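Working notes, structure below.
The values are calculated or read from the model by the stated rules, or taken from the named source; none is laboratory data. Keep in mind it's a predicted model, so treat the numbers as computed, not measured. Heads up, the Cβs are rebuilt from the backbone with ideal geometry, glycines too, and the neighbour counts pull from every protein chain shown. Note: areas computed on protein heavy atoms with side chains; ligands, DNA, RNA excluded. Shrake-Rupley method; radii C 1.70, N 1.55, O 1.52, S 1.80 Å.
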Amino acid sequence: LAEPLGGLWAGRRRREELLVQALTARELFVLDKQYIIDDGKVVIVDEFTGRLMPDRTWRDGLHQAIEAKERLDVNPPKDTYARISFQRFFRLYKKLSGMTGTGAEAWREFWQIYHLPVVLIPTNRPCIREHLADRVLVTQQAKWAAIVEEISRIHATGRPVLVGTRSVQASEHLSRLLEAGQFEHQVLNAVRHAEEAQIVAGAGQPGRITVATNMAGRGTDIKLGRGVPEMGGLAVIGTERHESGRIDRQLYGR
C-alpha cells in the first residue's frame, strides 16, 4: 500500500522497518507501563526500578512513533556520536566488585560478562521470613478482589502492608480500589515519586498501607514501628511474578 508513495517509502526494506516500528509503538508499548507523558513529553519508565529516565529516548524512530501515537509534538531524533554498553563500560575498570542481596540468581551472568565469581555470605541471624504459596486466580477482577481482601484482613490486625506491582497502571488501579474501600494508603511509582524516601521509610509503621511499583533500587531502610515485630512484622504482597526472579526477591526481601 505504501509503495506508490515514493520518497522514503520507495525501498522495500525501509518500508518494512518503518511499519515494524509503527506496529511496535502501537501494540507493544503501553502508556503508564513502558512510558508516561510528563509535560507534553514521552518519558521512559525503567521497568526494573520503576523510575523515570527523562534523558533517554528510544532509537530508530520508535520514540517519534510513540509521540505520534499519543498525538504529541514529534521531536527530531538525537544524534548519537558514540555508544557503549554498561557491560563494556564497567569492564574498563581495573578492579570490579560489588554487593547485592540478589546476586545468586545471576551468577552465570556475572561470570560470563565480567569473569567474576559470586560468593554467598550467610545472614548474621537466622532468616525468620515466612513464605506463603502463590495464589492463582482465573480472572484479573478476581485477583484484584482477593488482593484487596487480603490487605483488609491484614490491616485489621494493625500490621503494615507493602504491596508490590509491576507497572504504574497496576499501582494506580489498586489505589482506586483501596480508595473505594476507604483504605488510607500511599502510592510510590514513576508518576508519584517526589516523597520516595519518606514513603519507603514509613512503610513499616503500624497500620500503614504502601503500594509500590518495583522496589528495586529503593535504597531506603524500612524501620518497623513499635509493636510491629510482635504482630508478625511487615506483610509483603506481590501482585504478580516478574520476568526476573531477582526483582521478586528484591520485593519480598523487604
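Odds and ends about this structure:
- Ile199 fulfils the conditions (1) buried (at least 20 other Cβ atoms within 10 Å of the Cβ); (2) of a type in the set (Val, Ile, Thr); (3) touching a residue at least 24 places away in the same chain (Cβ under 8 Å) except for a single criterion, (3).
- Residue satisfying condition, being farther than 23 Å from Ile247 by Cα and part of a helix (DSSP H, G or I), within set Arg83, Arg59, Arg71, Arg13: Arg13
- The set of residues in segment 245-254 that are part of a helix (DSSP H, G or I) and over 26 Å from Val138 (Cβ atoms) comprises Arg246, Arg249, Gln250.
- Test result for Ile37, in contact with a strand residue (DSSP E or B) (Cβ under 9 Å, 6 or more places away or on another chain) and in a strand (DSSP E or B): yes
- Within segment 101-116, residues that are closer than 28 Å to Asp221 by Cα and among the acidic types (Asp, Glu) have Cβ atoms under 6 Å from residues that are open to solvent by less than 50 Å² (accessible area, probe 1.4 Å) and part of a helix (DSSP H, G or I) in these pairs: Glu105/Gly245, counting only partners at least 6 apart in sequence or on another chain.
- Residue within segment 86-101 that is under 23 Å from Val42 (Cβ atoms) and surrounded by fewer than 11 Cβ atoms within 10 Å (Cβ to Cβ) present: yes
- Residues of segment 135-157 satisfying the condition of being open to solvent by 100 Å² or more (accessible area, probe 1.4 Å) and either touching a residue at least 12 places away in the same chain (Cβ under 8 Å) or acidic (Asp, Glu) (or both): Glu149
- Flag if Ile44 is in a strand (DSSP E or B), modelled with pLDDT of 90 or more and under 25 Å from Asn189 (Cα atoms): yes
- Note on segment 77-117: residues that are of a type in the set (Phe, Trp, Tyr) and at pLDDT below 85 amount to 1.
- Check on Val20, of a type in the set (A, V, I, L, M) and not in a helix (DSSP H, G or I): no
- Complete set of residues in segment 42-67 that are free of Cβ contacts under 8 Å to residues at least 60 places away in the same chain, out of contact with any helix residue (DSSP H, G or I) (no Cβ under 8 Å at 6 or more places or on another chain) and open to solvent by 50 Å² or more (accessible area, probe 1.4 Å): Pro54, Asp55, Arg56, Arg59
- Scanning segment 102-133 for residues that are under 29 Å from Gly238 (Cα atoms), open to solvent by 100 Å² or more (accessible area, probe 1.4 Å) and of a type in the set (A, V, I, L, M, F, W, C) yields a total of 6.
- Considering segment 142-244, the qualifying helices (runs of 4 or more DSSP H), each wholly inside and each with 1 or more residues that are under 22 Å from Glu130 (Cα atoms) and modelled with pLDDT of 85 or more, run over 228-231.
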